[in-house]
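**Q** Following this message is one structure expressed as structure tokens.
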């Protein structure tokens with residue numbers, strides 16, 4: 001150690017001992033003040049921690065900031081490195097004092113305890129100025145001089161909990177899962193109390209290797225990372241997170257006793273979201289944590305246009321779920337069309353039509369989301385949704401059918417809001433098909449749109465169109481029916497051939513809630529359908545005639561009767577039990 005370094009070391013020790021001694025003295029006064037305001041056991045423990053940390057800090061400064069602590073073989077760079085470590089350790093100890101102080105001020109801002117607590121914070125701030133080189137004081141500095149200077153500096157010199165700053169955050173962020181990586185137990189305890197106070201879930205790692213293991217095995221919304229840790233340091237953790245892709249979706253705030261600009265720049269360049277030097281003001285930490293989580297939340301909102309909030313959160317955490325280049329997947333696709341849209345829009349006019357359409361599409365979309373579906377698209381008065389991707393879902397067909405039934409069940413309540421303007425009930429037609437698709441970004445580089453492509457989608461659209469001809473509210477294909485439970489309430493309606501699809505398709509009607517005597521209707525209709533397919537048209541017509549006595553407006557029965565009568569009237573025409581849909 002050269003002469004200049006020796007003088008710098010002596011000046012720093014002397015400049016620190018005075019405010020640290022003042023912290024020790026003030027912490028002793030806090031015991032009496034605590035008894036006067038009636039603290040609970042936890043708060044008395046905080047006072048004990050402040051006093052213990054202050055005493056430990058005083059001993060550390062006396063012992064470490066001394067030339068005898070530095071081995072003679074250290075060159076200039078070695079001395080600087082050792083000094084950096086010592087400053088880091090002093091800041092950690094200051095953090096152990098400031099943390100409990102700030103917690104106590106939050107709960108006792110107006111009573112006798114707050115004055116002494118603020119004195120402690122003032123002296124810790126003075127220590128920080130010495131460590132950061134922003135204050136230069138001569139040897140022989142006195143604690144009472146420090147106190148006098150700070151008091152004369154006015155309110156601007158007071159390191160307090162800035163409630164106005166905290167209050168400027170527009171809303172409390174949602175609780176998050178946060179990993180705290182720090183080898184110092186007291187730092188972990190302070191951060192845990194702070195984060196849990198704001199309802200976050202906290203997990204701890206005590207070294208860099210444990211940090212990486214947790215990040216690999218679990219999902220976190222945010223990481224608070226120290227730099228100087230055993231096994232693997234914070235720089236290496238950041239670098240590993242960048243290489244594995246975790247930094248793309250898991251923000252990291254570095255909290256460390258290191259204060260060099262080079263350290264901060266290095267962390268930010270690797271990919272850290274923010275860099276804070278200890279000791280940390282809790283109001284500032286809250287603002288930084290909230291800002292990181294809010295940015296993450298904004299990314300989630302982008303995906304909530306298409307996915308449930310839970311799935312949007314998973315996609316932000318694991319963007320590879322989307323596989324933007326696309327993949328094959330088995331899904332169930334639903335199309336829902338609002339009937340008589342032109343008539344209603346003419347009656348309402350353009351402004352009210354937009355409000356009405358937004359309302360009806362909103363409640364239909366809510367049903368999709370409640371049952372884990374993906375909102376793929378809106379086309380005028382038609383909604384398209386999908387189940388089974390991007391996450392594998394074995395019950396995708398059942399979920400699509402359940403959502404369809406719910407859509408129909410909530411329309412009566414919607415109609416009560418609009419009956420005065422619309423003057424008619426809202427009707428929809430829903431078609432569902434299941435099969436393999438190519439799923440991914442079906443938009444462009446400029447406009448993201450996640451969805452499926454393939455014949456499965458085309459057929460689902462055609463099935464929705466068939467609801468108009470069969471006068472049924474919900475139709476599903478045989479592919480969807482095969483994935484439902486055997487006791488599903490279904491009626492086989494017919495086999496159809498649709499535009500641009502080669503193979504004939506079996507259509508089934510899904511029974512809606514409250515459908516009376518469904519079993520009797522299903523059994524009678526399916527018996528008539530079997531007779532029709534056997535070309536027993538007279539018998540089929542007789543069965544259908546009995547159905548009309550109880551269900552005069554049953555659309556599938558009316559269509560089947562029409563087909564049976566046509567076959568009887570034109571016996572020369574070749575018979576084909578497969579019905580070709582007259583249109584889309």
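The values are calculated or read from the model by the stated rules, or taken from the named source; none is laboratory data. On a predicted model such as this, the values are computed, not experimentally measured, just so you know. Positions of Cβ are generated from backbone atoms using ideal geometry, with glycine treated the same way; all protein chains shown enter the neighbour counts.
**Q** Step by step: first the residues of the stretch 508-524, then only those that are in a helix (DSSP H, G or I) and under 48 Å from the mean Cα position of the chain (by Cα), then the one that is nearest to residue 411 (Cα to Cα). Which residue is that?
**A** By that ranking, first place goes to 518.
**Q** Quick one: how many residues across the stretch 336-346 are assigned to a helix (DSSP H, G or I), touching a residue at least 40 places away in the same chain (Cβ under 8 Å) and in contact with a helix residue (DSSP H, G or I) (Cβ under 7 Å, 6 or more places away or on another chain)?
**A** So the count comes out to 1.
**Q** For the stretch 525-543, give me the residue count where each residue is without any contact (Cβ under 8 Å) to a residue 24 or more places away in the chain, in a helix (DSSP H, G or I) and over 28 Å from residue 405 (Cβ atoms).
**A** Selection size over the stretch 525-543: 3.
**Q** Does residue 583 satisfy being assigned to a loop (DSSP other than H, G, I, E, B), surrounded by fewer than 18 Cβ atoms within 10 Å (Cβ to Cβ) and outside the structural domain of residue 477 (by TED's automatic domain parsing)?
**A** In short, yes.
**Q** In the stretch 540-564, what residues are surrounded by fewer than 17 Cβ atoms within 10 Å (Cβ to Cβ) and either more than 19 Å from residue 495 (Cβ to Cβ) or not assigned by TED's automatic domain parsing to the domain that holds residue 579 (or both)?
**A** Answer for the stretch 540-564, where residues must be surrounded by fewer than 17 Cβ atoms within 10 Å (Cβ to Cβ) and either more than 19 Å from residue 495 (Cβ to Cβ) or not assigned by TED's automatic domain parsing to the domain that holds residue 579 (or both): 542, 545, 546, 548, 549, 550, 552, 553.
**Q** Mind telling me which of the residues 366, 377 ends up being part of a helix (DSSP H, G or I) and either more than 27 Å from the chain's Cα centre (by Cα) or surrounded by fewer than 18 Cβ atoms within 10 Å (Cβ to Cβ) (or both)?
**A** Among 366, 377, only 366 is part of a helix (DSSP H, G or I) and either more than 27 Å from the chain's Cα centre (by Cα) or surrounded by fewer than 18 Cβ atoms within 10 Å (Cβ to Cβ) (or both).
**Q** Tell me whether the stretch 450-458 contains one or more residues that are part of a helix (DSSP H, G or I), in contact (Cβ under 8 Å) with a residue 12 or more places away in the chain and touching a helix residue (DSSP H, G or I) at 6+ places or on another chain (Cβ under 9 Å).
**A** yes
**Q** Go through 273, 300, 294, 269 for me and flag whichever is out of contact with any strand residue (DSSP E or B) (no Cβ under 8 Å at 6 or more places or on another chain), at negative phi and buried (at least 18 other Cβ atoms within 10 Å of the Cβ).
**A** Only one candidate passes the filter, namely 300.
**Q** Determine whether residue 408 is within 18 Å of residue 468 (Cα to Cα), in a helix (DSSP H, G or I) and assigned by TED's automatic domain parsing to the domain that holds residue 328.
**A** For residue 408, the condition - within 18 Å of residue 468 (Cα to Cα), in a helix (DSSP H, G or I) and assigned by TED's automatic domain parsing to the domain that holds residue 328 - is met.
**Q** Another one. What residue, of 90, 86, is in contact with a helix residue (DSSP H, G or I) (Cβ under 8 Å, 6 or more places away or on another chain) and either without any contact (Cβ under 8 Å) to a residue 24 or more places away in the chain or on the phi > 0 side of the Ramachandran plot (or both)?
**A** 86
**Q** Scanning for something in contact with a strand residue (DSSP E or B) (Cβ under 7 Å, 6 or more places away or on another chain), surrounded by 11 or more Cβ atoms within 10 Å (Cβ to Cβ) and either assigned to a helix (DSSP H, G or I) or at positive phi (or both), does the stretch 566-573 turn up at least one residue?
**A** no
**Q** Of everything in the stretch 415-469, what is crowded, with 16+ Cβ neighbours inside 10 Å, within 34 Å of the chain's Cα centre (by Cα) and farther than 16 Å from residue 386 by Cβ? Give them in sequence order.
**A** Those that are crowded, with 16+ Cβ neighbours inside 10 Å, within 34 Å of the chain's Cα centre (by Cα) and farther than 16 Å from residue 386 by Cβ: 428, 429.
**Q** Being touching a helix residue (DSSP H, G or I) at 6+ places or on another chain (Cβ under 8 Å), within 22 Å of residue 467 (Cβ to Cβ) and modelled with pLDDT under 90 narrows it down to one of 583, 555, so name that one.
**A** After ruling out the rest, the residue left standing is 583.
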